[in-house]
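Notes to accompany the following structure.
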Amino acid sequence: MFGTGDQLERQGRAVRNSAILEGFPEFVAHEVRAAEIRLFELGIIPGLLQTPEYAAAITTGAVRRGAITEQQAEERLSLLAERQASLERTPAPMVYAVLDESCIRRPVGSPGVMTAQLDRLAAFAELPSTVLQVAPFDLGERRAFDLPVTLLTLADRSHVAYAESAQQGRLERELRCVQPLLTAYHQLQAEALSQAASVAMIEQLRKGSQ
């Protein structure tokens with residue numbers, strides 16, 4: 001069955017010395033209990049929204065490059081599956097996702113993998129507890145973030161931010177640091193395409209990937 005928060009915390013500790021970035025296991029412990037999750041991603045579909053095949057293609061690429069081992073790839077995929085399963089808890093968290101246009105235009109895996117992934121995004125947008133938007137390329141300098149960021153609203157209405165580069169992840173809890181990120185996220189949502197326009201763009205790309 002689906003993993004619980006405690007299971008995810010144990011798994012997070014187990015991968016601390018693996019290919020998981022510093023700060024990420026602690027972030028996951030908060031994510032599985034968050035009331036609201038706000039995502040912004042560049043280049044690839046956010047993990048919580050990935051199909052298993054898309055996720056496997058990403059990790060396979062990392063293995064082939066020598067960035068991670070086969071075992072580390074399995075750890076990543078296992079943790080991702082647990083995180084995705086946690087979204088089906090009751091009550092479900094509100095999930096807001098803003099994807100840079102590069103996320104949906106970058107081909108990953110076979111055409112079939114990409115088609116299924118775009119289908120997954122369209123299905124995600126239909127859920128009652130989700131909002132999906134695309135930040136188009138022509139947003140230009142108005143795009144609020146240059147790196148991926150995740151913002152969590154916890155049950156007590158406190159906020160946690162997690163951001164990462166290629167080499168390091170950072171968890172931030174102090175309001176003076178998190179509040180500007182929340183403001184920037186709201187600005188990004190205002191500038192991004194509406195959910196209807198975003199789904200229309202995804203559907204157009206889906207037709208082209210078949």
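The values are calculated or read from the model by the stated rules, or taken from the named source; none is laboratory data. Fair warning: this is a prediction, and the values are worked out from it, not measured in the lab. Using ideal geometry, Cβ is built from the backbone for each residue, glycine included, and neighbour counts are taken over all protein chains shown.
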| task | State yes or no: is Phe137 out of contact with any Ser or Thr (no Cβ under 7 Å at 6 or more places or on another chain) and either crowded, with 17+ Cβ neighbours inside 10 Å or modelled with pLDDT under 95 (or both)? | result | no
| Any residue at all in the stretch 141-151 that is assigned to a helix (DSSP H, G or I), exposed (fewer than 13 other Cβ atoms within 10 Å of the Cβ) and at pLDDT 95 or above? | no
| note | Within the stretch 27-51, the residues that are within 20 Å of Thr130 (Cα to Cα) and assigned to a helix (DSSP H, G or I) are Val28, His30, Glu31, Gly47, Leu48, Leu49
| request: Take the stretch 159-210 and flag every residue that is in a helix (DSSP H, G or I), free of Cβ contacts under 8 Å to residues at least 60 places away in the same chain and in contact with a helix residue (DSSP H, G or I) (Cβ under 8 Å, 6 or more places away or on another chain). | output: Glu191
| query | Consider Asp156 against the criteria (1) touching a residue at least 40 places away in the same chain (Cβ under 8 Å); (2) in a loop (DSSP other than H, G, I, E, B); (3) under 22 Å from Ala35 (Cα atoms): it satisfies all of them except one. Which criterion is unmet? | reply | (1)
| said: Any residue at all in the stretch 60-75 that's under 14 Å from the mean Cα position of the chain (by Cα), at negative phi and in a helix (DSSP H, G or I)? | reply: no
| task | For the stretch 168-191, name all the residues that are hydrophobic (A, V, I, L, M, F, W, C), farther than 16 Å from Leu147 by Cα and in contact with a strand residue (DSSP E or B) (Cβ under 9 Å, 6 or more places away or on another chain). | result | Leu175
